[in-house]
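The values are calculated or read from the model by the stated rules, or taken from the named source; none is laboratory data. The shown structure was predicted, so the numbers you read here are calculated from the model rather than taken from an experiment. Ideal geometry is used to build each Cβ from the backbone, glycine not excepted, and the neighbour counts take in all protein chains shown.
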Amino acid sequence: MANSIKGQQDILTKLNIHVLNPMQEEAISVIKTTTNTIILSPTGTGKTLAFLLPIIKILDPNCNEVQALIIVPSRELAIQIEQVVRTMGSGFKVNAVYGGRPMSKDKMEIKHVPSILIGTPGRIADHFGNERFSKKNIKILILDEFDKSLEDGFELEMREIINQLPHINKRVLTSATQSVKIPDFVRLDQPTTINYLREKIFSKLEVKSVLSSSKSKLPALLDLIGYLGNQNGIIFCNLRSSIDQVSSFLDRNELNHGCFSGGMEQKDRERSLIKFRNGTNLILIATDLASRGLDIPELKFIIHYELPRSEDEFVHRNGRTARVDSKGTAYVLKGESEDLPEYVKKASFVDISKKSNIKSPFWETLFISGGRKDKISKGDIAGLFFKQGNITKDQLGTIELKQDCAFVAVPKIIADSLVEKLNNTRLKKKKVRITIL
């Protein structure tokens, strides 16, 4: 294994990153020399890489046990970090474990013990309780989005996990929120805090209000979508019932969209994100679960169909747009008799009477029944579509490769004919089904 371990420069080249940002540079040097570190930085600024690069340097290539534990509040964040580690090609084995998928899958994957284990509190506690691997070599603990994973609902599990880790000599906590009390059981003595929250340039984010003239906000939402035209964005709701209501309304008005909430099956949540990322759906209707820790593209807008319960969540939602150097707008839908909280009152009202032309999305998503475990690569998939599908480079959209399947974006107008040509063909040695998702 030792020969296959990659250095930082090799990893950055593989990720196609030419230069680290100031927060990442500072975090790497602090984590290297400090026992306890807190990284506070806005969503989308690269916190994942900021802690992964230094911890990979510390791992022992000759140790065949779990050495670094990364605890995250959501399944999507677990999957996303696992994906980043794999793309880095560091030479260390990584696995993500989380609720919402069969325990048998976890057991199978961690039989060959990973150096880096990522997981949600409930699933990690379960593996710990059943002693499925040794904990004595876990020296590094990362709590990513710790303000969420240390919330009351997770506290018992978090306490139980951390109390079983006596040999931790490095802790890193990350968040995009400042005011969080860290419980004593985390044992975070004299941490060094790296705070880049003040660096967020809010001038690039505009907050605007849209007035609903009827009791229901749905007609105003439809007018706003018509005004925005073919741009990608998230409509935030507080309740799953509100998501269902908005989704049915958009269906009736023949507007493509996806949904995302904690009440959905894990598979459906993942597929909804895939279709949003690759442009099959330009709109995602979501709860606050989508306000952070998700790998989704730069958004032109977000809409607060319902305002969140706290200013913190308002900031997190808004952090999905106007990221780094881009501009973006957060629209607040104001009900007829709704009072807006103080932090929204300065938002100027916008006239949305001018309509844009909404076209049907260009992309469609195809499902392929083979993945990484079948030794299939993105290059193999691209080759199949170019050679047997006879498509051009411009007609091949995003390819997402999973362990047992893959998803490919292709132009809607040729999706059916591609399915006809390619279904039941061979990829590597496997005969694969190809269907429209």
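Just a few scattered comments:
- From Lys107, Lys135, residue being surrounded by fewer than 22 Cβ atoms within 10 Å (Cβ to Cβ), at pLDDT 90 or above, of a type outside the set (Phe, Trp, Tyr) and assigned to a helix (DSSP H, G or I): Lys107
- Taken residue by residue, the range 165-178 has no member that is loosely packed, with under 15 Cβ neighbours inside 10 Å and either more than 24 Å from Lys32 (Cα to Cα) or of a type in the set (Val, Ile, Thr) (or both).
- Strands (runs of 3 or more DSSP E) wholly inside the range 35-97 containing at least 1 residues that are of a type outside the set (A, V, I, L, M, F, W, C), outside the structural domain of Arg269 (by TED's automatic domain parsing) and in contact with a Gly (Cβ under 9 Å, 6 or more places away or on another chain): 94-97
This table checks each residue for (1) more than 28 Å from Glu26 (Cβ to Cβ); (2) without any contact (Cβ under 8 Å) to a residue 40 or more places away in the chain; (3) within 28 Å of the chain's Cα centre (by Cα).
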position: His127; (1), (2), (3): yes, yes, yes
position: Ile142; (1), (2), (3): no, no, yes
position: Phe154; (1), (2), (3): yes, no, yes
position: Lys181; (1), (2), (3): no, yes, yes
position: Leu197; (1), (2), (3): no, no, yes
position: Leu205; (1), (2), (3): no, no, yes
position: Ser216; (1), (2), (3): yes, yes, no
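- Taken over the range 384-413, the criterion of being of a type in the set (D, E, K, R), in contact (Cβ under 8 Å) with a residue 24 or more places away in the chain and surrounded by fewer than 17 Cβ atoms within 10 Å (Cβ to Cβ) is satisfied by Lys402, Asp404, Lys412.
- Residue satisfying condition, being under 24 Å from Pro219 (Cβ atoms), surrounded by fewer than 19 Cβ atoms within 10 Å (Cβ to Cβ) and in contact with a Leu (Cβ under 8 Å, 6 or more places away or on another chain), within set Phe301, Phe349: Phe349
Okay, residues lined up against (1) crowded, with 21+ Cβ neighbours inside 10 Å; (2) modelled with pLDDT of 95 or more; (3) closer than 15 Å to Leu333 by Cα; (4) not assigned by TED's automatic domain parsing to the domain that holds Gly328:
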| position | (1), (2), (3), (4) |
| --- | --- |
| Gly226 | no, no, yes, no |
| Gln231 | no, no, no, no |
| Ile234 | yes, no, yes, no |
| Leu239 | no, no, no, no |
| Asp244 | no, no, no, no |
| Asp251 | no, no, no, no |
| Asn256 | no, no, no, no |
| Phe260 | yes, no, no, no |
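- Screening the candidates Tyr331, Tyr343 for the property of being aromatic (Phe, Trp, Tyr), more than 19 Å from Gln403 (Cα to Cα), surrounded by 16 or more Cβ atoms within 10 Å (Cβ to Cβ) and outside the structural domain of Ile414 (by TED's automatic domain parsing) yields one hit, Tyr331.
- Counting only residues that are assigned to a loop (DSSP other than H, G, I, E, B) and either farther than 23 Å from Met103 by Cα or touching a helix residue (DSSP H, G or I) at 6+ places or on another chain (Cβ under 8 Å) (or both), the range 138-190 holds 23 of them.
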